[in-house]
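Participant: Pasting a structure below so you can have a look.
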Amino acid sequence: MSELLKLITPKDATDLILNSITEIKVGTEKVKTPESLGRVVRKSYRSESILPSFDKSSVDGFSVRAQDTFGASDSLPQYLKVVGEVPMGQETELIISEGQAATTYTGGMLAGDADSVVMIEYTNRIDANTIEVTKPVAKGENVVFAGEDVKPLDEILSSGHTIRPQDIGALSALGINELDVSQKPKVAIISTGDELVSAESDPKLGQIRDLNTHTISALVAQAGGIPCPIGIFKDEYELQLSAATNAMQDCDIIVFSAGSSVSNRDLTIKVFKALGKPGILAHGIAIKPGKPTILGLAQNKPLIGLPGNPVSALVVADLLLKPVIRALMDDINPLFRNQVSAFLTADIPSRSGREDYVPVKLEDTAGVLDATPVFGKSNLIFTLVKSDGIIRVPADSAGLYKGQTVTVRMY
């Protein structure tokens with residue numbers, strides 16, 4: 001007889017699986033900084049130098065002494081003698097004095113004894129050696145001072161931080177060309193079901209192509225893991241146990257796809273229990289789609305049994321598998337998601353007592369972001385293809401209404 005589902009909330013499911021792996025982390029490896037995008041650093045980094053390393057101009061114009069521009073206007077400009085040009089990429093020996101200026105470029109040094117830069121837009125060339133200044137500058141105006149960005153011993157990255165494009169640029173500017181980062185967790189993906197054939201096959205009547213292996217693999221890669229497709233296995237206990245046992249040797253997370261439907265979820269539970277203690281953590285989540293999800297832990301490795309329906313599998317994988325991958329990498333914020341706010345364009349009915357996740361299509365209408373529900377059954381993958389993100393209908397709600405502001409979790 002099938003084991004009855006004991007439903008827990010999605011939040012409780014997330015907390016349960018994440019709390020069970022707080023002491024479990026993948027190893028550390030070194031990578032070149034330009035290749036570190038999306039990786040999680042495993043130690044804090046502090047600056048060993050100053051940035052910028054010299055006072056530099058933030059505009060094209062002229063190095064000046066601010067006091068020589070005071071009172072300048074279009075009707076009563078200040079006249080300055082141009083005594084030279086500050087070269088780019090090298091230290092300058094040019095020094096200005098009272099009533100003098102030097103041509104200066106964005107990112108370049110200032111002339112010696114200059115304390116500000118007047119923008120070229122506020123000057124007029126009178127002759128080869130003279131300019132008129134039509135707007136005064138304050139001391140330090142249009143100047144980026146040495147150490148204004150980073151000083152020695154400033155913390156620039158904390159342990160658990162996920163590397164972004166701007167981080168790579170900043171690290172490169174400081175000469176930090178190698179990072180200690182978390183290894184990518186290996187995620188075994190085991191598809192089960194007598195009806196499944198490979199995506200490359202021509203299915204016969206009653207058979208379906210295994211698409212979950214490929215969609216879950218893509219989600220794993222997107223989350224920063226390494227997908228390890230193990231294959232398709234018939235609904236036979238020994239075959240599935242053997243596949244899972246072998247996967248446990250090399251992988252950090254075990255995912256069963258199509259192993260939590262009514263017909264074969266007990267088989268997945270049996271396999272998970274056989275893999276080791278503590279075994280099953282939860283069976284059933286108060287969510288649509290994805291109700292029969294199974295969570296487990298064995299030999300310090302998280303186990304996730306996903307529904308077979310492709311929409312259900314992806315919704316649950318996004319909700320649970322992604323944060324597990326990030327947590328194993330010691331990400332300080334494994335639940336982070338890119339989200340936007342939008343106005344709902346149609347009612348979404350729901351049943352109180354469960355969370356519903358509904359795909360939506362986003363459209364910018366005169367500067368206002370609209371979210372239109374894309375309704376469909378949990379085995380219709382193109383409901384996700386036609387959408388840009390997903391919204392959550394709270395369990396204590398009877399639905400959402402047209403015109404409401406909703407939070408869209410982007411794919």
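Participant: Looking at (1) closer than 23 Å to ILE190 by Cα; (2) over 24 Å from the mean Cα position of the chain (by Cα); (3) among the β-branched types (Val, Ile, Thr), find the lone condition where VAL315 falls short.
Facilitator: Here VAL315 clears every test but (2).
Participant: Quick check on the range 148-163. Is at least one of its residues closer than 30 Å to ILE325 by Cα, free of Cβ contacts under 8 Å to residues at least 60 places away in the same chain, under 39 Å from the mean Cα position of the chain (by Cα) and not assigned by TED's automatic domain parsing to the domain that holds PRO77?
Facilitator: no
Participant: Same structure, new question: Using the structure shown, decide if THR104 is hydroxyl-bearing (Ser, Thr, Tyr) and buried (at least 16 other Cβ atoms within 10 Å of the Cβ).
Facilitator: On the way: hydroxyl-bearing (Ser, Thr, Tyr): yes; buried (at least 16 other Cβ atoms within 10 Å of the Cβ): yes.
Yes; evaluated as a whole, the condition is true for this residue.
Participant: Being outside any loop (DSSP other than H, G, I, E, B) and of a type outside the set (Lys, Arg) is the filter here, so list the residues in the range 11-33 that pass it. Quick ask: steps written out before the conclusion?
Facilitator: Pass one, the range 11-33, residues outside any loop (DSSP other than H, G, I, E, B): 11-19, 28-33.
The answer is ASP12, ALA13, THR14, ASP15, LEU16, ILE17, LEU18, ASN19, THR28, GLU29, VAL31, THR33.
Participant: Now a separate question. For the range 126-186, list the strands (runs of 3 or more DSSP E) that sit wholly inside it and hold at least 1 residues that are over 30 Å from ASP252 (Cα atoms) and not hydrophobic (A, V, I, L, M, F, W, C); which are they?
Facilitator: Details: elements: 130-133, 155-157, 178-182.
Ranges flagged: 130-133, 155-157.
Participant: Any residue that is surrounded by 15 or more Cβ atoms within 10 Å (Cβ to Cβ) and either part of a strand (DSSP E or B) or of a type in the set (Ser, Thr, Tyr) (or both) - is there at least one of those in the range 318-341?
Facilitator: For the range 318-341, residues surrounded by 15 or more Cβ atoms within 10 Å (Cβ to Cβ) and either part of a strand (DSSP E or B) or of a type in the set (Ser, Thr, Tyr) (or both): absent.
Participant: Looking at the range 146-162 only, could you name the residues that are small (Gly, Ala, Ser) and under 14 Å from LEU51 (Cβ atoms)?
Facilitator: Initial filter on the range 146-162 (small (Gly, Ala, Ser)): 146-147, 158-160.
Once the filter is applied, which keeps residues that are small (Gly, Ala, Ser) and under 14 Å from LEU51 (Cβ atoms), the range 146-162 yields ALA146, GLY147.
Participant: Can you find a residue in the range 268-281 that is crowded, with 20+ Cβ neighbours inside 10 Å, touching a Ser or Thr at 6+ places or on another chain (Cβ under 8 Å) and not hydrophobic (A, V, I, L, M, F, W, C)?
Facilitator: There is at least one residue in the range 268-281 that is crowded, with 20+ Cβ neighbours inside 10 Å, touching a Ser or Thr at 6+ places or on another chain (Cβ under 8 Å) and not hydrophobic (A, V, I, L, M, F, W, C).
Participant: Now, a different point. Only residues that are hydrophobic (A, V, I, L, M, F, W, C) and either part of a loop (DSSP other than H, G, I, E, B) or buried (at least 19 other Cβ atoms within 10 Å of the Cβ) (or both): list them for the range 55-77, please. Reasoning before the result, please.
Facilitator: Of all residues in the range 55-77, those hydrophobic (A, V, I, L, M, F, W, C) come to 59, 62, 64, 66, 70, 72, 76.
Answer for the range 55-77, where residues must be hydrophobic (A, V, I, L, M, F, W, C) and either part of a loop (DSSP other than H, G, I, E, B) or buried (at least 19 other Cβ atoms within 10 Å of the Cβ) (or both): VAL59, PHE62, VAL64, PHE70, ALA72, LEU76.
Participant: So which residues in the range 34-54 are surrounded by fewer than 18 Cβ atoms within 10 Å (Cβ to Cβ), out of contact with any His (no Cβ under 9 Å at 6 or more places or on another chain) and assigned to a loop (DSSP other than H, G, I, E, B), if there are any at all? Don't jump to the end; show me each part of the working.
Facilitator: Step one: of the range 34-54, the residues surrounded by fewer than 18 Cβ atoms within 10 Å (Cβ to Cβ) are 34-35, 37-38, 43-44, 46, 48-50, 52-54.
With out of contact with any His (no Cβ under 9 Å at 6 or more places or on another chain) added as a condition, the list becomes 34-35, 37-38, 43, 46, 48-50, 52-54.
Residues satisfying the conditions are LEU37, GLY38, LYS43, GLU48, SER49, ILE50, PRO52, SER53, PHE54.
Participant: So, one more: Scan the range 350-369 and give yes if some residue there is of a type in the set (Gly, Ala, Ser), at pLDDT 95 or above and surrounded by 13 or more Cβ atoms within 10 Å (Cβ to Cβ), otherwise no. Outline the logic, then answer.
Facilitator: In the first step, residues of the range 350-369 are kept if they are of a type in the set (Gly, Ala, Ser); the result is 350, 352-353, 366-367.
Then keep just the ones that are at pLDDT 95 or above; that gives none.
No, the range 350-369 contains no residue that is of a type in the set (Gly, Ala, Ser), at pLDDT 95 or above and surrounded by 13 or more Cβ atoms within 10 Å (Cβ to Cβ).
Participant: Another question, then. Which of (1) surrounded by 14 or more Cβ atoms within 10 Å (Cβ to Cβ); (2) within 30 Å of SER47 (Cα to Cα); (3) out of contact with any strand residue (DSSP E or B) (no Cβ under 9 Å at 6 or more places or on another chain) is the odd one out, the single condition ASP149 does not satisfy?
Facilitator: (3)
Participant: How about the range 213-239: which of its residues are in a helix (DSSP H, G or I) and more than 25 Å from VAL26 (Cα to Cα)? Give the steps one after another, and end with the answer.
Facilitator: Quick first cut of the range 213-239, residues in a helix (DSSP H, G or I) only: 213-223, 237-239.
Passing the criteria: TYR237, GLU238, LEU239.
Participant: Looking for something modelled with pLDDT of 95 or more and in contact with a helix residue (DSSP H, G or I) (Cβ under 8 Å, 6 or more places away or on another chain) - is there at least one such residue anywhere in the range 256-266? Step through it out loud before you land on a result.
Facilitator: In the first step, residues of the range 256-266 are kept if they are modelled with pLDDT of 95 or more; the result is 256.
Narrowing further to those that are in contact with a helix residue (DSSP H, G or I) (Cβ under 8 Å, 6 or more places away or on another chain): 256.
For the range 256-266, residues modelled with pLDDT of 95 or more and in contact with a helix residue (DSSP H, G or I) (Cβ under 8 Å, 6 or more places away or on another chain): present.
Participant: Within the range 105-125, can one find any residue that is out of contact with any strand residue (DSSP E or B) (no Cβ under 8 Å at 6 or more places or on another chain) and in a loop (DSSP other than H, G, I, E, B)?
Facilitator: no
Participant: Of everything in the range 84-93, what is without any contact (Cβ under 8 Å) to a residue 24 or more places away in the chain and over 45 Å from the mean Cα position of the chain (by Cα)? Give them in sequence order.
Facilitator: GLU93
The values are calculated or read from the model by the stated rules, or taken from the named source; none is laboratory data. Keep in mind it's a predicted model, so treat the numbers as computed, not measured. Counting neighbours? That spans all protein chains shown, and the Cβs are built from the backbone with ideal geometry, glycine included.
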